[in-house]
1. Considering only residues that are free of Cβ contacts under 8 Å to residues at least 60 places away in the same chain and closer than 25 Å to residue B:651 by Cβ, look in segment B:483-534 and name the one that is nearest to the other protein chains (Cβ to nearest Cβ).
2. Do we find that residue B:788 is modelled with pLDDT of 95 or more, aliphatic (A, V, I, L, M) and within 30 Å of residue B:692 (Cβ to Cβ) in this structure?
3. Quick one: in segment A:24-34, of everything that is surrounded by fewer than 24 Cβ atoms within 10 Å (Cβ to Cβ) and closer than 10 Å to residue A:58 by Cβ, which residue is farthest from the other protein chains (Cβ to nearest Cβ)?
4. Can you go through B:804, B:704 and tell me which one is without any contact (Cβ under 8 Å) to a residue 60 or more places away in the chain, of a type in the set (Val, Ile, Thr) and not in a loop (DSSP other than H, G, I, E, B)?
5. Are there strands (runs of 3 or more DSSP E) fully within segment B:571-687 with at least 2 residues that are hydroxyl-bearing (Ser, Thr, Tyr)? List them.
6. Count, please, the residues in segment B:726-741 that happen to be charged (D, E, K, R) and over 12 Å from residue A:134 (Cβ atoms).
7. From B:693, B:701, B:719, which residue is modelled with pLDDT of 95 or more, assigned by TED's automatic domain parsing to the domain that holds residue B:435 and in contact with a Phe, Trp or Tyr (Cβ under 6 Å, 6 or more places away or on another chain)?
8. Any residue in segment B:708-728 that's under 17 Å from residue B:286 (Cβ atoms) and within 14 Å of another protein chain (Cβ to nearest Cβ): show its pairings with residues that are part of a loop (DSSP other than H, G, I, E, B) and among the basic types (Lys, Arg) at Cβ separation under 9 Å, as long as the two are six or more apart or on different chains.
Amino acid sequence: MIITFKINGEIKTQEIKSSLLLIDLIRDVLRLKGTKPGCLEGECGACSVIVNGAAINSCMYLAINVDGKEVTTIEGLGNNENPLHQVQEKMLENGAVQCGFCTSGMVMTTKAYSDKCIAEGITPTREEVKKSLEGNLCRCTGYAKIIDAAEAVYKK
Amino acid sequence: MLLRQFIKNSSNPPLTPPKEGKLPPFGRVGVGQTSNFKTMKKELNIIGKSHQKLDGKERVSGKAVYGHDIELPNMLHGSILRAKYPCAEIISIDTSKALTLEGVECIITANDVDVNNIGYKRDHPILKKGTVNCNRDEIAAVAAQTKEIADKAIQLIEVKYKIKEGVYDPFEALKETAPRINEFGKGAEQFGNKNVAEYFHYEHGNLAEQKAKSKVIVKKRYELPRVTHACMATSNITAEFNNFDGRLTLWSSTQVPFLYQRDIAHALKMEPSKIRVIQPIIGGGFGSKLDMHPFEPICVLLAKKSGKPVQILYSREEEFLASPTRQPMVIDLTTGCDENGKFTFREVEIIKDNGAYTSWGATTPFVMMQSYSSLYQVPACKFDSHAVYTNNPFAGSFRGYGNPQATFSIESNIDLMAEELGMDKREIRLINANYKGEITGQGLHFKTCGAIPALKTVIEKSNYDKIMAAPNTGRYKRGVGLGSMLHVGGGAKIYRSDGCGTTLKLDDYGYLTIVTGSNEIGQGSETVLAMIAMEELGIPKEKIKVINTDTDVKPWDVGVHASRTSFVAGNSLLGAIKLIKEKLNNKASQLLNVKTNEWEYKDGSMLFNGQEIKLDKVAREMHFASPHELCTVNYFYEPPSRFQDKDFKGDVSGNYAFASQAIEVEVDTVTGNVQVLNVHVSQDVGRVLNPIGLQGQMEGGLATGIGYALTEEMIYEKGILKNPSFHGYKMLTSTDMPDVHFYPIETYDEAGPYGSKGAGEAPLIPTAAAIANAVSNALGVRFYSLPITAEKVLRALSEKKLETRNSKQETNKI
């Protein structure tokens, strides 16, 4: 079937099998390799992308469901003038990246959450920030610096 | 000093530590700053200040290329058929149906290949025939045009088995009546039992004499679970074989590329130099990539047979089923102390579940015996460890390399001895702690030692007194526990060389390329190397490149293990910098007509006595003017450590790391849930190189250590893994992570770059020990096995209640 969607600001029309997973559309069809396959069972969050403002596990989401929607992957952050989004900058400044395999997912989850909080005029507590990252696993960092980075997004 | 003298000295270790001064201040703690090592004397601008990860922008933007992201023209996808049963005879393998599936390019079984066994004991066939010995055994492999086709083809391969009764308990495997599990094992000839894969024995001191001196003797059995690395990136490899010249290129996430090159060559009967190993960005290592595993030569065999590049990527389930684990083991530890609490002896017997084949993991006793012999002052020690074949999956190496297991038993026994003696748990540790200048019974020479400062720091910072004094009634009970550790800090001389090579190239534009033998597996080693070059040569970060991923290019290094990379690669780089400075000094002196070697390197320039010349100009003059030289140097660093003798005695590392942790927990006596509230960790790191990187190593190690203590366990039933997913295997999440308070101790050890010591493994080593001691402190019940799950806590509490009730009834009767 044919779906039309916006990905990283660009409108695409694509013929796909109805069983295609969003992660496979992103990685194998569109060849955007920044979205990482950590478990393909919805447990680790490495494949998190943003669909219509919400971070989702792209391994648990059928590609047909993005028809008419807006998808942002890690490649969609930043631009030529500012290659890194603020969330990415904070991750680097706070030492939140070690092997980096979970990082794309951490960044996308944090971006979706902080966009929502900022839009609602909320500054979340550290506990709320921790909770927002609960679906993203990391084996290198012990999360502390990722949480620091996600909190730093709200600091001027 | 000769090895013999070490051993002689070690027979009578001094048993009283020197008097320590006041408690160290908050923050970094400097101890014994008497070294005259020249890099320590000068003021440092870069080292000791936090620097972002060198390639952090690539990693944070999704641009870094991991093994999963590699695509080659005409590349095929491989898939492996594994044994259906953990113990069986293979009657027949029929691949005919699978071969007819459209898109399948080739299938291999053991009958199609001419290969050598692999593994540390060469007891592991790459593809199995005749018998299967564990659930992860590789029976056949398919290369197909897509991963889906390869996976489907695997399902179409028909294998007939004769199921056999397996042996899943190492104690059963040791019985005479047990079947021989691994037909290549040499246990009968070497160790007097057919199912013993490896045996280690160590001893020092007079055990009988020390036992006689002991006021308290504690003998306990500890049981350690099987856990796994759970790297966020699953195992992966891409292989391309060139038929024209017989050369092989591997994109592999090994953490020991030069040993791996040799292992692949041996397995496939190739010349090592025809194998080029390229490391893409590695999505987690932690020791899992120390061994070469069967899927890697299998991928090459598929590439050779199909004539096309082949990629194998594990699914997460396959990662749980078929990647290495930490060694599960049963430790019988007997320890003693005299009436003053001074330790007298340790006697330990360990039975390790080796699984069906032998990996580097079987050599973990090499590290464990160091802790038993030398963590705290121990006048006599006897250590025996048997790794025993079973039909369980084989265990590999994992951050800490046996030390978390050893430390859990040692620190638990220390608490028990203190309780029996009625002594304070802090005091018994402080009076027995290691000290500067000590040469241990095993011959480890602690030229610097932060053990006592680390202990004192965590005791003070954790508010130990306050927690102990607080009332502990009601549903939630709090406790605090201590744990300390000793680990190699300056590499470990276990291979023929423990060295690392560096090539430096300063180009015509003043950019420096560091080609290092060492590897980046996420731990931040290349950032530290760039910092050292910035510090020494005054070149800005933007002008430094680190090349470290290609065995055809980089000089030799033994690999990422033993917390050695910053130490060994840092020293190697400092040696190379010394050489390149000699070249630059000579040229600059000639150009400016001065006689000096005292050039200062700053902001891309060389300065002396008011004169200044740009670094790139010196390099260009070297290149373009007679006698036309390139500004390149090579250096190989071999640490000053020594091989241990046949009795495992000797100073095996360039220096030694010490750490203590004080961990506060809260136990919910209704649910049994243990929550870690605060972790205070103090570690002798020699000198802090990159604070933000070091802190990250601490937090990450602690998270794995807490998981080991409380939540992680691979549940096996008769050789079959019951929880091969992140849902069933409980790693810590962001909400489980406690606050970490880290206090580095700086002892400025002469052997390390700027006085530093290896740090990466240490943070998870004493964690389970400290948590177990804290839970015991909270509840008055001790746990002798990990993980301390809610179920175990509740069972222990109900048993305690029952015991109390029974003893009350007994009292009433009297």
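1. B:525
2. Working: modelled with pLDDT of 95 or more: yes; aliphatic (A, V, I, L, M): yes; within 30 Å of residue B:692 (Cβ to Cβ): no.
So residue B:788 does not fit the description; no.
3. Within segment A:24-34, the match that is farthest from the other protein chains (Cβ to nearest Cβ) is A:24.
4. Values: B:704 fails: without any contact (Cβ under 8 Å) to a residue 60 or more places away in the chain.
Just one listed residue meets the conditions, B:804.
5. On the way: elements: B:600-602, B:605-608, B:611-614, B:632-637, B:656-668, B:674-684.
In segment B:571-687, the matching strands (runs of 3 or more DSSP E) lie at B:632-637, B:656-668.
6. So in segment B:726-741, the residues charged (D, E, K, R) come out as B:730, B:736, B:739.
Going one step further and asking which of them are over 12 Å from residue A:134 (Cβ atoms), we end up with B:730, B:739.
Number of matching residues: 2.
7. Values: B:693 fails: in contact with a Phe, Trp or Tyr (Cβ under 6 Å, 6 or more places away or on another chain); B:701 fails: in contact with a Phe, Trp or Tyr (Cβ under 6 Å, 6 or more places away or on another chain).
When all the criteria are applied, what remains is B:719.
8. So the pair list comes out as B:708/B:326; B:711/B:730; B:712/B:730.
The values are calculated or read from the model by the stated rules, or taken from the named source; none is laboratory data. Quick caveat, the model's predicted, so the values are computed rather than measured. Glycine also receives a Cβ, built like all others from the backbone with ideal geometry; neighbour counts cover every protein chain displayed.
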